[in-house]
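Reviewing the structure listed below.
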Amino acid sequence: MRTGHRPDSGSELRGAVFYVFWKKERAEIFLDTSGETLSKHGYRKNTGKAPMLEGLAAATIMATKWDRKSPFINPMCGSGTIAIEAVLLATNRKPGLFRTNYSFMHFIGYDQDVYRRELETIRQQVTEVPDLIVIASDISEDAIEIAKANAGSASVKDLIRFKQCDFADTFIHEDRPGVIYFNPEYGERLGDRTELESTYARIGDFMKKKCRGYTGYVFTGRSRVGRKRLDLKASRRIEFYTARLDCRLFEYELYGGTRREVKQPPAGIE
């Protein structure tokens with residue numbers, strides 16, 4: 001107001017962050033204690049195309065039936081976010097371990113010693129899970145390299161088995177059923193629809209033939225584009241949003257052999 005020029009604060013959220021809502025004669029100022037959104041966990045240096053936000057990936061994994069001990073298989077892993085978040089959850093590695101800058105650090109009165117004590121507390125909470133199996137595969141060599149780099153930033157690279165291959169060639173531990181999680185293209189922003197239908201059909205065949213005993217999950221858009229080609233009946237549909245896209249996490253019980261319902265005889269009949 002004094003200079004006649006709008007201040008240029010820039011778009012980067014590296015210092016103290018505040019927002020101004022100004023309408024006519026009234027203005028409100030909001031102080032943001034975080035700065036960069038907490039949904040970004042701070043380890044991802046490369047994203048690839050259309051990456052899932054770290055916080056969303058963690059939320060979808062928490063919505064599954066994974067016990068954080070059995071195998072977690074993530075074909076078509078892209079930049080590795082889902083596999084990395086699975087390991088972080090299993091080993092109790094909090095997202096705050098990877099962030100070194102918050103808006104509150106630039107406030108007057110910020111006590112660095114308090115922050116350091118809290119950081120050390122969550123470091124001591126990290127646990128190791130013996131024989132944890134997390135597998136991430138992708139047909140793209142670039143995607144696997146990006147995923148490895150991101151896993152390295154999160155200090156979990158040695159806890160994930162990476163493999164460059166078609167998803168149908170992903171190794172499945174048949175003797176230790178767990179969770180298999182797909183996040184294919186949705187057909188909304190990425191992917192040719194005809195090609196997607198073929199891909200979804202192959203995913204369905206793969207889960208039915210090679211993942212018996214596992215619980216399968218497919219995170220995709222609400223649209224039935226491609227998904228109906230899975231030829232599987234979902235046991236659960238969990239609603240999520242990514243940006244403005246209305247998405248679903250579909251759960252599939254992949255029974256070994258044929259599932260038969262045992263009918264109970266009427267009362268009084270042996």
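From the set of residues in segment 233-244 that are exposed (fewer than 15 other Cβ atoms within 10 Å of the Cβ) and modelled with pLDDT under 90, which is nearest to ASP205 (Cα to Cα)?
Kept after step one, since they are exposed (fewer than 15 other Cβ atoms within 10 Å of the Cβ), are these residues of segment 233-244: 233, 235, 237, 239, 241, 243-244.
This time we only want the ones that are modelled with pLDDT under 90, so: 241, 243-244.
Values: TYR241: 27, ALA243: 30, ARG244: 30 Å.
The residue in question is TYR241.
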**Request:** Could you grab me the full set of residues in segment 68-97 that are outside any helix (DSSP H, G or I) and without any contact (Cβ under 8 Å) to a residue 60 or more places away in the chain?
**Result:** ASN92, LYS94
**Asked** Out of ASP158, ASP131, ASP175, which single residue is at pLDDT 95 or above and of a type outside the set (S, T, N, Q)?
**Response** ASP158
**Request:** Scan (1) farther than 25 Å from PRO95 by Cβ; (2) among the polar types (S, T, N, Q); (3) buried (at least 21 other Cβ atoms within 10 Å of the Cβ) for the single condition GLN164 breaks and write down its number.
**Result:** (3)
**Request:** Could you tell me which of the residues ASP158, ASP175 is without any contact (Cβ under 8 Å) to a residue 12 or more places away in the chain, out of contact with any Leu (no Cβ under 6 Å at 6 or more places or on another chain), of a type in the set (Asp, Glu) and farther than 28 Å from GLY96 by Cα?
**Result:** ASP175
**Request:** Check whether at least one residue in segment 25-41 is at pLDDT 90 or above, part of a loop (DSSP other than H, G, I, E, B), among the charged types (D, E, K, R) and farther than 26 Å from ARG244 by Cβ, and report yes or no.
**Result:** yes
**Prompt:** Can you spot a residue in segment 193-211 that is touching a Cys at 6+ places or on another chain (Cβ under 7 Å), on the phi < 0 side of the Ramachandran plot, surrounded by 11 or more Cβ atoms within 10 Å (Cβ to Cβ) and at pLDDT 95 or above?
**Reply:** no
**Prompt:** Cβ-Cβ below 7 Å, separation at least six or inter-chain, first residue in segment 98-127 and touching a residue at least 60 places away in the same chain (Cβ under 8 Å), second of a type in the set (Lys, Arg): which pairs?
**Reply:** ASN101/ARG14
**Asked** Which condition does ILE133 not pass, out of (1) surrounded by fewer than 20 Cβ atoms within 10 Å (Cβ to Cβ); (2) under 30 Å from ARG14 (Cα atoms); (3) in contact (Cβ under 8 Å) with a residue 40 or more places away in the chain, if it passes all the others?
**Response** (2)
**Request:** Could you pull out the residue among ALA136, ALA168 that is closer than 19 Å to MET207 by Cα and in a helix (DSSP H, G or I)?
**Result:** ALA168
**Asked** Of all residues in segment 98-128, which are closer than 16 Å to LEU38 by Cα, outside any helix (DSSP H, G or I) and of a type in the set (Ser, Thr, Tyr)?
**Response** THR100, TYR102
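Determine whether ARG68 is modelled with pLDDT under 95 and of a type outside the set (S, T, N, Q).
No: the conditions fail for ARG68.
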**Item:** Members of segment 235-245 that are farther than 18 Å from ALA58 by Cβ, assigned to a loop (DSSP other than H, G, I, E, B) and under 20 Å from the mean Cα position of the chain (by Cα)
**Value:** ARG244
**Message:** I need the full set of residues from segment 25-71 which are surrounded by fewer than 16 Cβ atoms within 10 Å (Cβ to Cβ), farther than 17 Å from SER153 by Cα and among the β-branched types (Val, Ile, Thr), in order please.
**Reply:** ILE29, THR33, THR37
**Request:** Starting from residues that are among the acidic types (Asp, Glu), over 22 Å from ARG193 (Cβ atoms) and modelled with pLDDT of 75 or more, keep the ones in segment 246-270 and report whichever is farthest from the chain's Cα centre (by Cα).
**Result:** GLU253
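For segment 195-248, name all the residues that are of a type in the set (Asp, Glu) and within 19 Å of GLY78 (Cβ to Cβ). If you could, list the steps in order and put the result at the bottom.
Filtering segment 195-248 for residues of a type in the set (Asp, Glu) gives 195, 197, 205, 231, 239, 246.
Matches in segment 195-248: GLU195 only.
Report the residue count in segment 106-118 for those that are aliphatic (A, V, I, L, M) and either at pLDDT 95 or above or within 30 Å of ASP166 (Cα to Cα) (or both).
So the count comes out to 1.
The values are calculated or read from the model by the stated rules, or taken from the named source; none is laboratory data. Computed from a predicted structure; not experimentally measured. With ideal geometry, Cβ positions are generated from the backbone for all residues, glycine too; neighbour counts draw on all protein chains shown.
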